[in-house]
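Peer 1: Below is one structure. I have some questions about it.
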Amino acid sequence: MVPPRPPLPTADPESTDTVDPATVEAGPIEAVPIEAVPIEAVPIEAGPVEAVAVDAAPRAAEPESVQDLETTADGQQDVVTDVEPEPEPEPEPEPEPEPQVAAEVYQEPVDRPAEPVAALVTETPETADPEPASEADPEPAPETGHDSETPGAEALASTLLDDPEVLTAPLTAADALVIRGVTKSFGDARAVEGIDLTVPAGTFYGLVGPNGAGKTTTLSMIAGLLRPDRGTISVGGVDAASRPLAAKRMMGVLPDRLRTFDRLTGRQLLYYYGVLRGLSPAVVEQRTADLARAFDLTDALGRVVSDYSAGMTKKVMLAGAMIHSPRLLVLDEPFEAVDPVSSAIILDILSTYVAHGGTVILSSHGMELVERVCSRVAVIVAGQVLAEGTVDEVRGELTLEQRFIELAGGLSDVEGLEWLHTFSD
Ligand SMILES: Nc1ncnc2c1ncn2[C@@H]1O[C@H](COP(=O)(O)OP(=O)(O)OP(=O)(O)O)[C@@H](O)[C@H]1O
């Protein structure tokens, strides 16, 4: 038998439990004092973070989240996180972060698992990288071997390459990068059409081509940011499709557009670049100081990256690409917007890095620069490699710029712009 329902409560004018809104007089709202609780920055121990593989998606539909699903060859989906984050929504008005927060990151270590990051870097057993995920580097901060205010490229390159993780890295292949038959379309538009490239280890390799030729698309596929429709990419002998984590671990990437967590300070950004790549906070701190001195960013480290100039942003992201001393640097337009002094320093650092066995593949529109520093070059036009080889082989009797213009189809017709000289005022 169903028990009888209790009567519904009726409004009692004397009661304080129920209130007739019509009878309530608005009173002043009292501010309630809130006890401030200090927010601790937590150093995160985590394995290396992989770049996101994004399927062919039109630019307009690029993902907003820093997390993306990476579908593996066997159809499994992995959640991976990108070192190069996607743009954040419009910044809300918020107090500027205190510069000392970054310092607290190092001073107040809290021994607790880094759930957010650990959860982001997952791999299904089917595609799991047989190598153990690199752990936080237990080594103390390495000696930098320099006392001067500005480290020389030699010292910096030695510091970066004198990393036990790198020395034990699995790269044994003579070729740092091998690309075969790689094709990529966006809808009906074929951006890259059956590209073959071979980049020997210890090479400074230049990718040149006119606007829209497919350079960024090619570099994005190498970096694991885009998935090729067809073809294979092998990094240091590791197939990037079947072992994406192992392949990405060997790379440092400067993506085409300067999208990053720009509400962090430069120091915080480099901290996360470092720890997400498995370095200990002490090593990150040391390398941050070295890189900041080299890139003339020391005074800017405490400022939020959104306040940086384009060149400064490029430099701090370049520093982030280098901080874990990768075998291969994949750099999209590293010198664009960078001043001549900084360009010279970056070139010096990269040249010394290459001289010590590192490999650089970069895209650039600076023919003179490519001609001067690159040992090999590929000219891409309309998604195809039209010339490849040593700089001497590619340019022949011409300058690289002349050869480039020739391969790109010559100078465009400037007829029809006579109206430009009529000066409407
Ligand atoms: N996400 C995308 N969605 C649609 N089309 C794209 C996308 N990315 C590139 N493309 C197209 O692919 C082609 C190659 O572009 P890509 O950015 O690789 O050229 P690029 O050689 O790097 O050019 P630039 O020198 O101007 O940077 C272009 O036609 C471009 O419009």
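The values are calculated or read from the model by the stated rules, or taken from the named source; none is laboratory data. Every value quoted in this text rests on a predicted model; they were computed, and no experiment measured them. Don't worry about glycine lacking a Cβ; one is built from the backbone with ideal geometry, like all the others, and counts go over all protein chains shown. For accessibility, only protein heavy atoms count, side chains too; no ligands or nucleic acids. Shrake-Rupley method; radii C 1.70, N 1.55, O 1.52, S 1.80 Å.
Peer 1: Tell me which of these R327 doesn't satisfy, since it passes every other one: (1) more than 16 Å from the chain's Cα centre (by Cα); (2) within 27 Å of D175 (Cβ to Cβ).
Peer 2: (1)
Peer 1: Here's a follow-up. Here are some residues: T203, T198, T183. Which one is over 18 Å from P255 (Cβ atoms) and either of a type in the set (K, R) or in contact with a Gly (Cβ under 6 Å, 6 or more places away or on another chain) (or both)? Please lay out each step first, then the result.
Peer 2: On the way: T203 fails: either of a type in the set (K, R) or in contact with a Gly (Cβ under 6 Å, 6 or more places away or on another chain) (or both); T198 fails: either of a type in the set (K, R) or in contact with a Gly (Cβ under 6 Å, 6 or more places away or on another chain) (or both).
Checking each option against the conditions leaves just T183.
Peer 1: If I filter the stretch 175-193 down to residues being under 19 Å from G389 (Cβ atoms) and open to solvent by 40 Å² or more (accessible area, probe 1.4 Å), which single residue comes out as nearest to the ligand (Cβ to nearest atom)?
Peer 2: R180
Peer 1: Next up: Looking at (1) surrounded by fewer than 21 Cβ atoms within 10 Å (Cβ to Cβ); (2) under 21 Å from the mean Cα position of the chain (by Cα); (3) away from the ligand (no atom under 16 Å from the Cβ), which is the one condition that is false for A246?
Peer 2: (1)
Peer 1: Given the criteria more than 16 Å from the ligand (Cβ to nearest atom) and either open to solvent by 10 Å² or more (accessible area, probe 1.4 Å) or free of Cβ contacts under 8 Å to residues at least 24 places away in the same chain (or both), does G202 qualify? Step through it out loud before you land on a result.
Peer 2: Working: more than 16 Å from the ligand (Cβ to nearest atom): yes; either open to solvent by 10 Å² or more (accessible area, probe 1.4 Å) or free of Cβ contacts under 8 Å to residues at least 24 places away in the same chain (or both): yes.
Spelling it out, G202 is indeed more than 16 Å from the ligand (Cβ to nearest atom) and either open to solvent by 10 Å² or more (accessible area, probe 1.4 Å) or free of Cβ contacts under 8 Å to residues at least 24 places away in the same chain (or both).
Peer 1: Residues S363, S375, S325: which one is open to solvent by less than 20 Å² (accessible area, probe 1.4 Å), polar (S, T, N, Q), closer than 22 Å to G209 by Cα and at pLDDT 90 or above? Steps first, answer last, please.
Peer 2: Numbers: S375 fails: open to solvent by less than 20 Å² (accessible area, probe 1.4 Å); S325 fails: closer than 22 Å to G209 by Cα.
Sole residue among the options that is open to solvent by less than 20 Å² (accessible area, probe 1.4 Å), polar (S, T, N, Q), closer than 22 Å to G209 by Cα and at pLDDT 90 or above: S363.
Peer 1: While we're here: Suppose we filter the stretch 288-303 for residues that are closer than 24 Å to L219 by Cβ and in a helix (DSSP H, G or I); how many remain?
Peer 2: Adding up the residues that qualify gives 2.
Peer 1: Now for a separate question. Out of (1) of a type in the set (S, T, Y); (2) in contact with a Pro (Cβ under 8 Å, 6 or more places away or on another chain); (3) at pLDDT below 95, what's the single condition that is false for T172?
Peer 2: (2)
Peer 1: Another question, if that's okay. Are any of the residues in the stretch 275-282 within 16 Å of the ligand (Cβ to nearest atom), more than 18 Å from T198 (Cα to Cα) and surrounded by fewer than 21 Cβ atoms within 10 Å (Cβ to Cβ)?
Peer 2: no
Peer 1: Going by the conditions given, is P255 under 17 Å from the mean Cα position of the chain (by Cα), more than 16 Å from the ligand (Cβ to nearest atom) and touching a residue at least 60 places away in the same chain (Cβ under 8 Å)? Write out each step before concluding.
Peer 2: Values: under 17 Å from the mean Cα position of the chain (by Cα): yes; more than 16 Å from the ligand (Cβ to nearest atom): no; touching a residue at least 60 places away in the same chain (Cβ under 8 Å): yes.
Criteria not met by P255.
Peer 1: For the stretch 309-319, state whether one or more residues are in contact (Cβ under 8 Å) with a residue 40 or more places away in the chain, within 16 Å of the ligand (Cβ to nearest atom) and more than 21 Å from A201 (Cβ to Cβ).
Peer 2: yes
Peer 1: Same structure, new question: Using the structure shown, decide if A155 is modelled with pLDDT of 55 or more and in a helix (DSSP H, G or I).
Peer 2: Numbers: modelled with pLDDT of 55 or more: yes; in a helix (DSSP H, G or I): yes.
So A155 passes the test.
Peer 1: If you don't mind, there's one more thing I want to ask. Inspect the stretch 341-356 for any residue being within 16 Å of the ligand (Cβ to nearest atom) and either in contact (Cβ under 8 Å) with a residue 24 or more places away in the chain or crowded, with 18+ Cβ neighbours inside 10 Å (or both) and give the result as yes or no. Can you show your working first?
Peer 2: Going through the stretch 341-356, the residues within 16 Å of the ligand (Cβ to nearest atom) turn out to be none.
No: the stretch 341-356 contains no residue that is within 16 Å of the ligand (Cβ to nearest atom) and either in contact (Cβ under 8 Å) with a residue 24 or more places away in the chain or crowded, with 18+ Cβ neighbours inside 10 Å (or both).
Peer 1: Select, from G231, G237, G212, the only residue that is open to solvent by 30 Å² or more (accessible area, probe 1.4 Å), within 8 Å of the ligand (Cβ to nearest atom) and on the phi > 0 side of the Ramachandran plot. Break it down stepwise before answering.
Peer 2: Numbers: G231 fails: within 8 Å of the ligand (Cβ to nearest atom); G237 fails: within 8 Å of the ligand (Cβ to nearest atom).
Of G231, G237, G212, the one residue that is open to solvent by 30 Å² or more (accessible area, probe 1.4 Å), within 8 Å of the ligand (Cβ to nearest atom) and on the phi > 0 side of the Ramachandran plot is G212.
Peer 1: Among the residues of the stretch 215-228 satisfying the criterion of being more than 17 Å from A382 (Cα to Cα) and small (G, A, S), which is surrounded by the fewest Cβ atoms within 10 Å (Cβ to Cβ)? Quick ask: steps written out before the conclusion?
Peer 2: From the stretch 215-228, those more than 17 Å from A382 (Cα to Cα) are 222-227; that's our starting set.
From what's left, small (G, A, S): 223-224.
Values: A223: 32, G224: 26.
Ranking the qualifying residues of the stretch 215-228, first place goes to G224.
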